[in-house]
Structures are given as structure tokens and as C-alpha cells.
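The values are calculated or read from the model by the stated rules, or taken from the named source; none is laboratory data. These numbers were taken from a predicted model, which means no experiment stands behind them. With ideal geometry, Cβ positions are generated from the backbone for all residues, glycine too; neighbour counts draw on all protein chains shown. Heads up: the accessible areas ignore ligands, DNA and RNA and are worked out on the full protein's heavy atoms, side chains in. Shrake-Rupley method; radii C 1.70, N 1.55, O 1.52, S 1.80 Å.
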Amino acid sequence: MKKAINIGILGFGTVASSFYHIFSEQKGELDSIFSVPINIKKIFTRGNSHPVPENIKKLSVQNASDILEDKEIDIVIELIGGIHPAKDFILQAISGGKSIITANKALLAEHGEEIFKKCIDKKTNIGFEAAVGGGIPILRAIKNGLAGDKVKSVYSIINGTSNFILSKMTKEGGKFEDVLKKAQEKGYAEADPSLDINGTDSAHKLAILGRLAFSTSLSMKDVIIEGIENITQLDISFAKELGYTIKLLGILKDEDSKIEIRVHPTLIPSSSLLSKIDGVFNAFLVNTKFAGPLSLTGYGAGGNPTASAVMGDLMEIASRLVNDDSHHDFIISKIKNKLNIKTKKDIISRYYLRFSAMDRPGVLSKISGILGENSISISSMLQKGRKVEGSVPIVITTHEANEEELFKSIALCDKLDVISAKTMVLRIEDKIE
Ligand code: HSE
């Protein structure tokens, strides 16, 4: 039996600093639960934006190798983020037989399978609950609680920054740039906030979740990604009038082993549970074969919630190490084969189309003619205001249509001389449960 469990932390930003505080508060209890001391031995602090507090300076090291090559360190907690040098650090730690805890969604989305394979080869543990959904234990729910069930679909809100922006714009009518600034001040946004608003951060998390939910190999290229950067107050108010709220959704669906994996702003019924998830909150609606529909919601970003997820991984891995049970997660060893992933050719959805059209006779018949020729059936139409010269917004919602045909017909509409700007296309999801 081990005499102690030693931890090395790579990075000392918002999450690491919250983790340090939560760990220190609970250390006495942890030591007594595991009957061996659990210690933070070293923290690699070089290059941090956060100043290192006096009481932590004694643990601070300036070279990651001081942690990676330290044979007494059992668990490396990687909280640097980004691909380089985090990937090399993690691979080196696994080679040295160390267990890993990481919140690094970009790294796991891009290189997760290589990292998992190495963990399996070296029989080490990896915990990455903090990479998806902040403080919500969604990965643990999928990996453990639902291990014997079958996930049919997941509808999720998995980027706190985008949700914060969209809900403020919906409730208070604020401007995109001002609300983004607020999210940055609160520490929700990524170092590069364009990853939040262009859908990449959600796609990273969805790729990680999709692998576990469907035990399939997945790459970022499989994810259809659109962000919220072009959403205007006009779309928010048209959606409202039609009975919908706009949310950036991450969607996973398994239909007869054909997988849909997509992130995009979506019109969802204003009466639905997800439409009521506001601010930095994240949410997951998981539909399963046997347990039926489940929902999890909570803080998807921020120091304490994310550090709570790191603590959960620490408890699980420490328990395995103390009991000399170095078995890696059986779920990650199931991720071998690749299921069929749907492309735009196979996706069927309803759509919201906002045309910027000249207010002239015959415009509608030109648009509806193109839609009709491409088998796109119209469900409703709204036109607001009237301009003698210049353009007016015309909103059309469609019945279910094929995504490829839809985009083909919009490209044709946008070439019409009566259309003055690129048409806004958003998907509608009526049944999200
Ligand atoms: N930038 C992320 C978000 C942080 O806004 O959700 C949590 O991953």
C-alpha cells in the first residue's frame, strides 16, 4: 500500500488557484478517507498571469520537468490549457507511469485518442471531468451511471460565454460586444474569446462527450460548427415572435449507429427547459434507451465549479491508487471503432431563413420559386416594416428539409438581384427532450 499520494500541478491560473483552495480546505478529510496523506508537492508556475501567493511560493517550480521527472509524484494535474506544451507534458507524465487529471478540452478533442491509448498501454488513469460542463458531472454520469444503458441523443448548452451573451441579448437587449466584455471580465471566456463565440469551444467539449456517449472514435473534422457571431437583435425578436428562443446548442444523436454531431445557434421552443438556462449556466438533456430522459444543469465555467470537477477526478484516481487498482477506465478502452458520422448530405432539419430583400412586387415569388424547385417546403412567413427604397427583412420558416438542398437553394436566392445581403440561416429544433 502507498505511503502517500503526491500531486504535481502544471499551471496556476483561475482553476488551479481555486483547486488549491478547495484542496487545502478538504485535505484533513481526504487524508482520513484514504488513510494516507494526499499532498500537493509541486506547482509549475512559470508564465502564469496570476501572481503566485506567498504561501504557495515554496511549492513553486520553474521547470515542468521538476514535476514530470519526480518519481514521487503520482498524479499530474494539467491546468495550462492549449495544445503545446500541454500535450508533450501529459505524454511524458504518462510514460513515467503517472496518472493525469486535465481540464484541457482543446487537447482532448484534438488528440484525446492518442492520449487515451497511451494511458491504456501504460496502465495509468486519466480524469477529464473538468473539460466538459464545468462543475456538472456529465462525463461521470455517462461513463459510470449510464454505462449499461444506451445514449440516444444529447442536447446541450456547453459554452457559458455564448450562453451568457445570448441570454443577456435576449433579456436586456444589450449589444454583442458589450456583453462579451462582461463575460471576459467575469473570467468565463477563453484566452481567445473567438473560440467561445465561433462554436469551437462547444465543439471541443461535444467531441469529448460524443466519444464517451457512443464509444466511437471522433475527430474535430466530424463536427458541424457554427457560432453566434452573426446573431442580431432582429433574429432574437423574430424568433420570439415565432415562439422560439435562440441558444447555441451542442447536439449529439445516434440514429441506427449513424451519428449526428453539430454545434450551432438554434431556435428552440421558448417553453422548453433548455430555453430557460440562462447566463453562464450549462445544461445537458440526455435521452437514453432504458433510463429515459435525464437533465443536468449547473455552472459550466468559472474557477470553483471547474475545480470541483478536478477534485472529483482526484478522489476517484486517489482511491484507485491507494487500492493498487491501476486499471484505466474501461469506457475509454471501448473507443476503438468509428461509427458513421452524418454530413450535411444526410442531415434533416427545419430552418429559419431571414432574407434581406428589396421591397418590390414579385420578390416573394422568386424566393419561394427557388425553395420549391429544391423541395424546400415553407411553413410560415413574416415580413416586418416597409421601406420604399432599401431592403426589408423577410423571415421564412421551413418544414423539415435536407441540409444540403437547403444551403444550395439559399446560395441561389442570394444571387437574386432583389436580395441585398447574405441570408441568415438558423436551424429549428422543435423536439428537444
Ligand atoms: N470558455 C468556456 C465557457 C469556459 O465559456 O464555457 C469553460 O470551459
Using r as the Cβ-Cβ distance of residue 430 and residue 330, and R0 as 25 Å, what FRET efficiency do you calculate, to the nearest 0.05?
0.10
For the range 309-433, with only Lys/Arg (+1) and Asp/Glu (-1) charged at the beta-carbon, what is the dipole magnitude about the Cα centre, in debye rounded to 20?
640 debye
How large a share of the accessible area of the chain, in percent, is made up of carbon and sulfur atoms when the probe is 1.4 Å and the other protein chains stay in place?
51 percent
In the range 353-422, what trypsin sites (Lys or Arg not before Pro) fall in a loop by DSSP, with at most 13 other Cβ atoms inside 10 Å?
384, 386, 387, 415
For a protection proxy built on the mean count of beta-carbon atoms within 10 angstrom, sort 288-296, 46-54 highest first, please.
288-296, 46-54
Using a 1.4 Å probe on heavy atoms of the protein chains only, the accessible area for residue 45 in Å², nearest 10, reads 10 Å²
Can you give me the accessible area per residue for the range 348-428, using a 1.4 Å probe, in Å²?
49 Å²
Given 0.36 nm per residue, what is the gain on full extension from residue 147 to residue 399 after removing their alpha carbon distance, in nm?
87.1 nm
Surface per residue (accessible, 1.4 Å probe) for the range 81-126, Å²:
37 Å²
Cα principal axis extents for the chain, largest first, Å
82, 46, 34
Length added when fully stretched, residue 416-residue 219, from 0.36 nm per residue minus Cα-Cα
67.2 nm
Just tell me, in residue order, which DSSP H segments of the chain are both 20 angstrom or longer along the helix axis (alpha-carbon based) and at least -0.5 in mean Kyte-Doolittle hydropathy.
14-34, 105-122, 200-214, 303-322
Once the whole set of protein chains is in place, how much accessible area is left on residue 14, using a 1.4 Å probe, in Å² to the nearest 10?
70 Å²
Modelling each spin label as a point 7 Å along the Cα-to-Cβ direction, I'd like the residue 182/residue 382 distance in nm, to one decimal.
2.3 nm
Summed side-chain charge close to residue 123 - residues other than residue 123 whose Cβ falls under 13 Å, Lys, Arg +1, Asp, Glu -1:
+1
Quick one: putting +1 on the C-beta of Lys and Arg, -1 on the C-beta of Asp and Glu, what dipole do you get for the range 130-265 around its Cα centre, in Debye to the nearest 20?
440 debye
Full-extension gain between residue 291 and residue 278, please, as 0.36 nm times their residue separation minus the C-alpha to C-alpha distance.
2.0 nm
Label point distance in nm, residue 315-residue 358, each placed 7 Å from Cα along Cα→Cβ:
6.6 nm
Where does the chain land at 222 nm, in deg cm²/dmol rounded to the nearest 500, when only DSSP H runs of n ≥ 4 count, each adding -39500 (n - 2.57), divided by all residues?
-11000 deg cm²/dmol
Kindly list the residues of the range 283-305 that lie in the label zone of residue 140, defined by a backbone N under 15 Å from the point 7 Å along the Cα-to-C-beta vector.
296-299, 305
Average accessible surface area per residue within the range 138-298, 1.4 Å rolling probe, Å²:
37 Å²
How much accessible area does residue 348 have with a 1.4 Å probe, in Å² rounded to the nearest 10?
80 Å²
Relative contact order for the chain: what percent, with Cα pairs under 8 Å and sequence separation of 6 or more?
17 percent
